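Read through the structure below, which is laid out as structure tokens, and then see the notes.
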Amino acid sequence: GRPYDPPVEARHRPEHKQLQFDLPLDPTSEHYDPSTRHEMQRSTLSSTLVPAQTNHCIGLVIDGKLHLTPMNGVLQMRPTFAQ
């Protein structure tokens, strides 16, 4: 995956099962286009729900006890170009 800086803003829409992260653009990156410098100061990642096709869970050991939580799906984060 691509390394990202921490988001400058995050939004959660539980009724739509959606997350969005606004990430700062790195003007020192070789992929940065200086002609868009004034138009876009950040990029946005939006989630897409990927339904569970198998049975998985997340487990944590806390104070010697195993705690399991079933996973109902995964949110896949993708860039969005809508402003």
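The values are calculated or read from the model by the stated rules, or taken from the named source; none is laboratory data. This structure is a prediction, so every number in the text was calculated from the model and none was measured. Here the Cβ positions follow ideal geometry from the backbone for every residue, glycine too, while neighbour counts run over all protein chains shown. We work out accessible area using only protein heavy atoms, side chains counted, and drop any ligands, DNA or RNA first. Shrake-Rupley method; radii C 1.70, N 1.55, O 1.52, S 1.80 Å.
Starting from the 7 Å offset along Cα-to-Cβ, what nm value, one decimal, do you get for the label separation of Phe81 and Thr28?
Spacing of the two 7 Å Cα→Cβ label points: 2.8 nm.
For the chain, what is the relative contact order in percent, using Cα pairs closer than 8 Å and at least 6 residues apart in sequence?
Result for the chain is 24 percent.
I'd like the carbon and sulfur percentage of the solvent accessible area for the chain, probe radius 1.4 Å, heavy atoms only, ligands and nucleic acids excluded.
Its accessible area is 54 percent carbon and sulfur atoms.
For the chain, build the convex hull from the C-alpha positions and give me its volume per residue in Å³.
Dividing the Cα hull volume of the chain by its residues yields 156 Å³.
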